[in-house]
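Q: Handing you a structure now.
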There are 2 protein chains.
Amino acid sequence: MKRKDDTKRTKMLDAAAEIILQEGAAAISTIKVAKAVGVAQSNVYLYFKNKNDLLLNTYQRELSRIRSAGDTFQYFNDAALPIEQRVESYVHSIYDYAIEHPDSLTLIEQIKMLNLSEMDLFNTDTVVIDLITEAIQQGYLKNLPVNLHMVTVFNIMHRHALNLKENLYSKDQYSYKEISQMVLDAIKATKR
Amino acid sequence: MKRKDDTKRTKMLDAAAEIILQEGAAAISTIKVAKAVGVAQSNVYLYFKNKNDLLLNTYQRELSRIRSAGDTFQYFNDAALPIEQRVESYVHSIYDYAIEHPDSLTLIEQIKMLNLSEMDLFNTDTVVIDLITEAIQQGYLKNLPVNLHMVTVFNIMHRHALNLKENLYSKDQYSYKEISQMVLDAIKATKR
């Protein structure tokens, strides 16, 4: 029986990410990944059940990268802090990550767009779902579907990061305060 | 010389749209479109210069559908009306259209994601760009990049429409007022 090899698994995920960024998530196949890594297609199945499993793992790796980037994650995950501060930390962490890794958010968006019914991608991000749900219950965020909140944070930060990458404007032209204001105004409950 | 035929052109655009929705925009090819319509590949080139021209035309057809849907477009295009009313008409028109044609917005998003450098897709939507630019100058909308405003309106309405399509909740669970509030809070300048 073949032994599994973490380096090889990483290479396969790297190849999958590269193909998705170049050709779109729909273009992925285990044979393409095998070719890119220089192994037989059967070897890919040693690490991933099928194409969708490969996509799901590529997706989850990006999510865990967001979570481990910077030092903001510990704050938004800390139930002892006030909810405003936790939501603000979440927004800030997505902003920082988007600017440093715009392609990573493109990957996540590409895989989400496939609408793979067997994996409810939104639901894999439980820490964020829990935070938003709690903030809605406390009346800090608007009483709207959790994924509308997530889409708002994600897409505004992603587009801003792509604008910077494409040199539409420079980083000092718009402050974090201005960009995050747009996001927070959208998601925060309207004061009465 | 072959005569061009509008019905055939429409069939090719329909086939392109279908392929994009099923397999993603990256999966499109003139040969696939030719097969779907039942003509030779050379026939496709009679109507579209190349694959990107086919994509651009598919994209522009969806945009013009948004513009011709409902009766709201005339309002947001009417410079005699107050800017608040014009922006509100724009947001409402995207909402109505998204709910009735969620796949159309998916198509637009899919083609945008290709990031085809030769066609600046955002800039094809000049009526909306002009409206947002004017509203920023008048201080009604936040002084942020126009495409951040567009992404916000588009993505929140699109996600809500997909949620309805996927039966995550029913249409009467969240009112237009609640959904549009999220969008308007994001884009409107903060009162001082």
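The values are calculated or read from the model by the stated rules, or taken from the named source; none is laboratory data. Predicted model, so just to flag it, every value in this text is computed and none were measured. Because the Cβ atoms are built from the backbone with ideal geometry, glycine has one as well, and the counts that use them run over all protein chains shown. To get the accessible areas, we keep the full protein, side chains included, count just its heavy atoms, and leave off ligands, DNA and RNA. Shrake-Rupley method; radii C 1.70, N 1.55, O 1.52, S 1.80 Å.
Q: State which residue is nearest to the other protein chains (Cβ to nearest Cβ) when the search covers only the stretch B:22-32 and only residues that are in a helix (DSSP H, G or I), open to solvent by 10 Å² or more (accessible area, probe 1.4 Å) and not β-branched (V, I, T).
A: B:A26
Q: For B:L107, work out the one condition from (1) surrounded by fewer than 20 Cβ atoms within 10 Å (Cβ to Cβ); (2) touching a residue at least 60 places away in the same chain (Cβ under 8 Å) it doesn't fulfil.
A: Status for B:L107: all satisfied but (1).
Q: Checking A:N52 against (1) out of contact with any Phe, Trp or Tyr (no Cβ under 9 Å at 6 or more places or on another chain); (2) farther than 27 Å from B:I111 by Cβ; (3) surrounded by fewer than 19 Cβ atoms within 10 Å (Cβ to Cβ); (4) in contact (Cβ under 8 Å) with a residue 24 or more places away in the chain, which test does it fail?
A: (2)
Q: Consider A:I19 carefully, then state whether it is closer than 23 Å to A:E166 by Cα, in a helix (DSSP H, G or I) and either out of contact with any helix residue (DSSP H, G or I) (no Cβ under 9 Å at 6 or more places or on another chain) or free of Cβ contacts under 8 Å to residues at least 24 places away in the same chain (or both).
A: On the way: closer than 23 Å to A:E166 by Cα: yes; in a helix (DSSP H, G or I): yes; either out of contact with any helix residue (DSSP H, G or I) (no Cβ under 9 Å at 6 or more places or on another chain) or free of Cβ contacts under 8 Å to residues at least 24 places away in the same chain (or both): yes.
The answer is yes for A:I19.
Q: Applying the selection to the stretch A:6-37, what residues are among the small types (G, A, S) and modelled with pLDDT of 95 or more? Can you show your working first?
A: We begin by selecting, within the stretch A:6-37, every residue among the small types (G, A, S); these are A:15-17, A:24-27, A:29, A:34, A:36.
Selection gives A:A15, A:A16, A:A17, A:A34, A:A36.
Q: Would you check if there is a residue in the stretch A:44-57 being closer than 17 Å to B:A26 by Cβ and among the β-branched types (V, I, T)?
A: No, there is no match, as no residue in the stretch A:44-57 is closer than 17 Å to B:A26 by Cβ and among the β-branched types (V, I, T).
For (1) within 21 Å of A:I187 (Cα to Cα); (2) of a type in the set (D, E); (3) assigned to a helix (DSSP H, G or I); (4) touching an Asp or Glu at 6+ places or on another chain (Cβ under 8 Å), each residue gets a yes or a no:
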site: A:V44; (1), (2), (3), (4): no, no, yes, no
site: A:K49; (1), (2), (3), (4): no, no, no, no
site: A:L55; (1), (2), (3), (4): no, no, yes, no
site: A:S64; (1), (2), (3), (4): no, no, yes, no
site: A:D78; (1), (2), (3), (4): yes, yes, no, no
site: A:L81; (1), (2), (3), (4): yes, no, no, no
site: A:E84; (1), (2), (3), (4): yes, yes, yes, no
site: A:S89; (1), (2), (3), (4): yes, no, yes, no
site: A:I94; (1), (2), (3), (4): yes, no, yes, no
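Q: Is one or more of the residues making up the stretch B:119-126 modelled with pLDDT under 90, closer than 25 Å to A:H158 by Cα, open to solvent by 20 Å² or more (accessible area, probe 1.4 Å) and among the β-branched types (V, I, T)?
A: The answer is yes; a qualifying residue exists.
Q: Sort out which residues of the stretch A:141-186 are within 8 Å of chain B (Cβ to nearest Cβ), touching a strand residue (DSSP E or B) at 6+ places or on another chain (Cβ under 8 Å) and of a type outside the set (K, R), and write them in order of number.
A: A:D185
Q: Can I ask one more? For the stretch A:168-192, how many residues are within 20 Å of the chain's Cα centre (by Cα) and either among the aliphatic types (A, V, I, L, M) or open to solvent by 20 Å² or more (accessible area, probe 1.4 Å) (or both)?
A: Residues flagged as within 20 Å of the chain's Cα centre (by Cα) and either among the aliphatic types (A, V, I, L, M) or open to solvent by 20 Å² or more (accessible area, probe 1.4 Å) (or both) within the stretch A:168-192 amount to 7.
Q: Within the stretch B:174-184, is there a residue that is at pLDDT below 95 and out of contact with any Pro (no Cβ under 9 Å at 6 or more places or on another chain)? Spell out the reasoning first.
A: Going residue by residue through the stretch B:174-184, those that are at pLDDT below 95 are none.
Scanning the stretch B:174-184 turns up no residue that is at pLDDT below 95 and out of contact with any Pro (no Cβ under 9 Å at 6 or more places or on another chain).
Q: Restrict the check to the stretch A:155-167 and report whether at least one residue is in the same structural domain as A:S89 (by TED's automatic domain parsing), open to solvent by 50 Å² or more (accessible area, probe 1.4 Å) and either free of Cβ contacts under 8 Å to residues at least 40 places away in the same chain or among the hydroxyl-bearing types (S, T, Y) (or both).
A: Of the stretch A:155-167, the ones in the same structural domain as A:S89 (by TED's automatic domain parsing) are A:155-167.
This time we only want the ones that are open to solvent by 50 Å² or more (accessible area, probe 1.4 Å), so: A:165-167.
From what's left, either free of Cβ contacts under 8 Å to residues at least 40 places away in the same chain or among the hydroxyl-bearing types (S, T, Y) (or both): A:166-167.
There is at least one residue in the stretch A:155-167 that is in the same structural domain as A:S89 (by TED's automatic domain parsing), open to solvent by 50 Å² or more (accessible area, probe 1.4 Å) and either free of Cβ contacts under 8 Å to residues at least 40 places away in the same chain or among the hydroxyl-bearing types (S, T, Y) (or both).
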